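**Student:** Please see the structure below; I have some questions.
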Amino acid sequence: MYKRFVKWLKGYKQIEIKGPWKDRFVNICSKNDINIWGIEEYKGNIRAYISSKDYEISEQYIKKTETKIDVICQVGLPCIINKYKNRYGFILGIIIFFVALYGFTSYIWDINVTGESFYTKEEIIKTVKDNYVDIGTPVSEINCEELEKALRNEYDKVAWISCEITGTRLNIEINETIEKDTIEAPDTPCNIIAVKDGIITKIVTRHGKTVKTIGEEVKKGDVIITGVINLYNDYDELIETNHIPADGDVYAIVESEYYDEFDMNYYEKVYTENESKGISFLFGNKVITPFEGNNDYELYDKIVDEHKLKLGNYIYLPISFYEITTKEYTSVLKTYTEEQAKEKAYKRMALYVEKLRKKGVSIVENNVTIDYVNDKCIMRGTIVTEELIGVPSELIIIEQGEP
């Protein structure tokens, strides 16, 4: 792909070589380092490709071999420039387009959140936009490591957060339980700390010094494996301190609160045949809605299908197009029986537990009960798990003499 682009940048021609000495012409070009490619026979002649520069050099061999060369087409940037060299408005437009494109790709135009469960995607995106990174923030001003730390402090039930900029999109991956594959081996001095309260069941130390023991209770933020290595002489006198990237796996028994509720009374939607369409545009942070559709229905659902303008897979532009569908419905009041509510509650909890298992979390105990209070079905209790709780935390080294 790169070589093809270079050829396009320099420009090349497709030629047809005619005459009794056409093969000799090709051989002479090859011996004199003139690159001819894509050679094929065509109606007794030879068709091939040659760079614009080499074509000029080869003119001396055309005369020498008494061959005739027909240029079938010209390809590449020099051809385009030559074609439009007197159309200054067109060239200026191309320059403005690429300048604008470069400007667009220097900013964040989309924020994407994945892996959320306890917290909603909308809640996390709002927090990020309001306090840290808004749409239109220059990429150069974003420190992903600092953003990760801030969000971990903001959401105490999150065990691991990873932020990455891809093109013009900020990707935020949320893990409310740690998956081993999400933790990258550090290459700077750090400790391994606990991200949850628990009782340690297993420690595998690859680098660093273990400062906690199996069976010991730890709190969120406690150091389990330290990257500070002190060296002592035979008289227990400190002679040297080294700082290394601590590395290891720490598992613990963790007790987490589980709470879920839903109304026993619910409305079942019955859609009518009435619906209307609308359109809306987003330019940066400004929304323009030329036609919203019919909102005169008493009860309706509004379905918005977003189409983000992007170049390739990663370059999101600050322009979006929305298709708005408004669908009318009537509602019928219904009530779950206790048996139906119990079945629904257990299904919801089973989905939650299955998500934990997929992340490598072992369920040790399930102490969740169901109550029916004030027309609500309430599930609450604790779920005891064994899971990975150790993650790297940057080691702040204080030089001698610093406060």
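The values are calculated or read from the model by the stated rules, or taken from the named source; none is laboratory data. Bear in mind the structure is a predicted one, so any value in this text is a computation, not a measurement. Cβ placement follows ideal geometry from the backbone for every residue including glycine, while neighbour counts extend to all protein chains displayed. What goes into the accessible areas is simple: the full protein's heavy atoms, side chains included, and nothing from ligands, DNA or RNA. Shrake-Rupley method; radii C 1.70, N 1.55, O 1.52, S 1.80 Å.
**Student:** Let me have the relative contact order for region 249-316, percent, based on Cα pairs under 8 Å that are six or more residues apart.
**Tutor:** 17 percent
**Student:** Of LYS22/LYS43; LYS149/LYS359; LYS10/LYS310; LYS209/LYS359; LYS149/LYS196; LYS347/LYS376, which ones are farther than 20 Å apart at the Cα?
**Tutor:** Over 20 Å apart, Cα to Cα: LYS149/LYS359; LYS10/LYS310; LYS209/LYS359.
**Student:** What distance in nm separates the two pseudo spin-label positions at LYS277 and TRP37, each 7 Å out from Cα along the beta-carbon direction?
**Tutor:** Calculated label separation equals 4.6 nm.
**Student:** Report, to the nearest 10°, how far helix 88-104 tilts away from the longest principal axis of the Cα atoms in the chain, using its own Cα long axis and a range of 0 to 90°.
**Tutor:** 20 degrees
**Student:** Can you give me the Rg/Rh ratio for region 206-280, using Cα atoms for both radii and the Kirkwood formula for Rh?
**Tutor:** 1.49
**Student:** Per residue, how many Å² of accessible area does region 323-374 show with a 1.4 Å probe?
**Tutor:** Ligands and nucleic acids excluded, the result is 67 Å² per residue.
**Student:** Post the alpha-carbon centroid distance, region 272-303 to region 30-66, in whole angstrom.
**Tutor:** Using only Cα atoms, the two centres lie 62 Å from each other.
**Student:** Would you please report the Å³ per residue occupied by the convex hull of the alpha carbon atoms in region 263-378?
**Tutor:** Dividing the Cα hull volume of region 263-378 by its residue count gives 200 Å³.
**Student:** Please give the charge dipole size of region 6-66, origin at the Cα centre, charges +1 on K and R Cβ atoms and -1 on D and E Cβ atoms. Round to the nearest 20 debye.
**Tutor:** About 60 debye.
**Student:** Still on this model: Rounded to the nearest 500, what is the 222 nm mean residue ellipticity of the chain from helices alone, with -39500 (n - 2.57) per DSSP H run of 4+ residues and division by all residues?
**Tutor:** -8000 deg cm²/dmol
**Student:** Taking N as the number of residues in region 117-236, what is its Cα Rg relative to 2.2 N^0.38 Å?
**Tutor:** Region 117-236 yields a ratio of 1.30.
**Student:** Same structure again: Could you rank the peptides 229-239, 144-154, 257-267 by their average count of other C-beta atoms within 10 Å per residue, with the highest value first?
**Tutor:** Listed from highest to lowest mean packing, they are 144-154, 257-267, 229-239.
**Student:** Using a probe radius of 1.4 Å on heavy atoms only, what accessible surface per residue do you get for region 1-73? Whole Å² is fine.
**Tutor:** Roughly 70 Å² per residue, with all protein chains present.
**Student:** Follow-up question, since we're still on this one. Using a probe of 1.4 angstrom, how much of the accessible area of region 174-238 is carbon and sulfur, in percent?
**Tutor:** 48 percent
**Student:** Quick one: angle between helix 144-154 and the longest Cα principal axis of the chain, in degrees between 0 and 90, rounded to 10, please.
**Tutor:** 20 degrees
**Student:** Okay, next question. By how many degrees, between 0 and 90 and to the nearest 10, does the Cα long axis of helix 22-31 differ from the longest principal axis of the chain?
**Tutor:** On a 0 to 90 degree scale, this one is about 60.
**Student:** Considering only LEU282, LEU333, LEU351, give the residue with the highest GNM mean-square fluctuation for the chain, with springs between Cα atoms whenever their separation is below 10 Å.
**Tutor:** Taking springs between Cα atoms under 10 Å, the residue moving most is LEU333.
**Student:** Can you give me the relative contact order of the chain as a percent, contacts being Cα pairs under 8 Å and 6 or more apart?
**Tutor:** For the chain, the relative contact order is 14 percent.
**Student:** Taking +1 at the Cβ of each Lys and Arg and -1 at the Cβ of each Asp and Glu, which of ILE225, PRO189, ILE28 sits farthest along the dipole of the chain towards its positive end, judged by Cα position relative to the Cα centre?
**Tutor:** The Cα lying farthest towards the positive end belongs to ILE28.
**Student:** Rounded to the nearest 10 Å², what accessible area does ARG169 have for a 1.4 Å probe in the complete protein model?
**Tutor:** The accessible area comes out at roughly 50 Å².
**Student:** Ordering LYS358, LYS347, LYS157 from largest to smallest accessible area (1.4 angstrom probe), what's the sequence?
**Tutor:** My answer, sorted largest first, is LYS358, LYS347, LYS157.
**Student:** Let me ask something else about it. Work out, step by step, the length gained on full extension between LYS157 and ASN366: first 0.36 nm times the residue separation, then minus their alpha carbon distance; give nm to one decimal.
**Tutor:** 73.4 nm
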